[in-house]
Amino acid sequence: MTTKHRIIQVGSLAGSPSANQSLAERYDVVELWKYPDRKAALAEHGKGITAVVTSANYGADAELINALPDLKAICSWGVGYETIDIQAARQRGVQVSNTPDVLTDCVADLAWGLLIAGARRMGQGERFVRAGHWGQVHGSIPLGQRVSGKKLGIVGLGRIGEAIARRGAGFDMDVRYHNRRKRDDVQYGYEATLTGLAEWADFLIVATVGGAGTRHLVNREVLEALGPTGIIVNIARGPVIDEAALVDALQAGKLGCAALDVFEHEPKVPEALITSDKAVVLPHIGSATLETRMSMENLMLENLQAYFETGRVITPAE
Ligand code: 8YV
């Protein structure tokens, strides 16, 4: 009989079809979130732990990393890893893996769903029908905006940004992007400044990484440059947009619409957005399809297994 490897799981992966169960079957799991005193739990169970499982939601800070003297690998369920202290991991020689590629299509699909929902007032229309107003009151909801043929700006042309851009061809759109650096391997137009991109675009989709480097990248100036009929979509991370500035711009009529899957202080959504017909709000479901969540789960498990079998994770966070 072989003994199971002991791992620490930082939080419950309830948003995955069977991750909690699969981990419990394969490993001897310390379920960290069940301990009221995390520090004491790490002190008691940390010795001999070489691998940690987490997600962007739970992260892995320097305190956790440094409380585990034998730690060698952190395997995260999800592509974003701004809540994992990569610097602290690197200093300790700890490998970090994430789950890139497998969620790209679903997140890109949702970005388009949000854009169309915002432009065509789908949420408002649905609320109208559900409230029983159709046929009972005169008129209808206000007219929306045409989507096809418009100018689409993408903030961050990484894997997901590129998948969003590709879909633009199906809507006969002119697509431009803003990145830290211009890419030589794509045909899309490059705007050197984000404000320049927002001025040019009808719609702006945020697809950049999160973390300190992109916090409030989309500020008041960018939102006002997008303008009174402009639509901003965010499927990346809430803090990339200055949420207070966003609310102000919508309320002042300086921005047309915000269609958001992510928020600055999740799960808190500003009341002004919840009650506004100029906002579409979703509960961070970019990757939340059965197929994609299963693929993320499998890739996280494969990384963990690869670390135990070969000493190397398969998809290291870059
Ligand atoms: C997950 C995500 O919901 O992959 C990501 O970075 O934001 C989502 O797919 C998230 O990882 C859950 O914490």
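The values are calculated or read from the model by the stated rules, or taken from the named source; none is laboratory data. None of these values were measured; they are calculated from a predicted model. Note that we place each Cβ from the backbone using ideal geometry, even for glycine, and neighbour counts take in every protein chain shown. To get the accessible areas, we keep the full protein, side chains included, count just its heavy atoms, and leave off ligands, DNA and RNA. Shrake-Rupley method; radii C 1.70, N 1.55, O 1.52, S 1.80 Å.
Details
- Residue within the stretch 248-258 that is within 16 Å of the ligand (Cβ to nearest atom), modelled with pLDDT of 95 or more and in contact with a strand residue (DSSP E or B) (Cβ under 8 Å, 6 or more places away or on another chain) present: no
- Qualifying position, being farther than 23 Å from Pro239 by Cα and outside the structural domain of Met173 (by TED's automatic domain parsing), among Thr50, Thr83: Thr50
- Scanning the stretch 78-98 for residues that are more than 16 Å from the ligand (Cβ to nearest atom) and either among the polar types (S, T, N, Q) or in a strand (DSSP E or B) (or both) gives Gln87, Gln91, Gln95.
- Answer from Ser148, Ser140 - the residue that is over 30 Å from Thr193 (Cβ atoms), of a type in the set (Ser, Thr, Tyr) and over 15 Å from the mean Cα position of the chain (by Cα): Ser140
- The stretch 209-251, residues that are open to solvent by 30 Å² or more (accessible area, probe 1.4 Å) and closer than 23 Å to Arg167 by Cβ: Val209, Leu217, Thr229, Arg237
- Criterion applied to Ile154, Ile116, Ile141 was being in contact with a Gly (Cβ under 6 Å, 6 or more places away or on another chain), away from the ligand (no atom under 16 Å from the Cβ) and open to solvent by 10 Å² or more (accessible area, probe 1.4 Å), and the one residue passing it is Ile141.
- Residue count for the stretch 121-135, restricted to those that are in a helix (DSSP H, G or I) and open to solvent by 60 Å² or more (accessible area, probe 1.4 Å): 5
- Near pairs, Cβ below 8 angstrom, 6+ apart or cross-chain, from the stretch 171-197 (assigned by TED's automatic domain parsing to the domain that holds Gly113 and in a loop (DSSP other than H, G, I, E, B)) to any residue that is at pLDDT 95 or above and open to solvent by 80 Å² or more (accessible area, probe 1.4 Å): Ala192/Lys182
- Single residue of the stretch 56-77 satisfying the filter (within 16 Å of the ligand (Cβ to nearest atom) and open to solvent by 10 Å² or more (accessible area, probe 1.4 Å)) that is farthest from the chain's Cα centre (by Cα): Asp61
- Taken over the stretch 209-234, the criterion of being free of Cβ contacts under 8 Å to residues at least 60 places away in the same chain and in contact with a Lys or Arg (Cβ under 8 Å, 6 or more places away or on another chain) is satisfied by Thr214, Leu223, Glu224, Gly227, Pro228.
- Residue count, the stretch 39-55 (criterion: open to solvent by 60 Å² or more (accessible area, probe 1.4 Å) and either in contact with a helix residue (DSSP H, G or I) (Cβ under 6 Å, 6 or more places away or on another chain) or without any contact (Cβ under 8 Å) to a residue 24 or more places away in the chain (or both)): 2
- Taking the criterion of being over 25 Å from Ala62 (Cα atoms) and in contact (Cβ under 8 Å) with a residue 12 or more places away in the chain, the residues of the stretch 20-38 that qualify are Ser22, Arg26.
- Residue match in the stretch 286-297 (condition: under 30 Å from Asp70 (Cβ atoms), within 12 Å of the ligand (Cβ to nearest atom) and surrounded by 19 or more Cβ atoms within 10 Å (Cβ to Cβ)): yes
- Test for Asp277: is it open to solvent by 60 Å² or more (accessible area, probe 1.4 Å), more than 26 Å from Gly59 (Cα to Cα), without any contact (Cβ under 8 Å) to a residue 40 or more places away in the chain and not aromatic (Phe, Trp, Tyr): no
- Only one of the numbered conditions (1) touching a strand residue (DSSP E or B) at 6+ places or on another chain (Cβ under 7 Å); (2) within 14 Å of the ligand (Cβ to nearest atom) is not met by Asp101, and that is (1).
- Among (1) within 15 Å of the ligand (Cβ to nearest atom); (2) polar (S, T, N, Q); (3) open to solvent by 10 Å² or more (accessible area, probe 1.4 Å); (4) outside any loop (DSSP other than H, G, I, E, B), the one test that Gln305 misses: (1)
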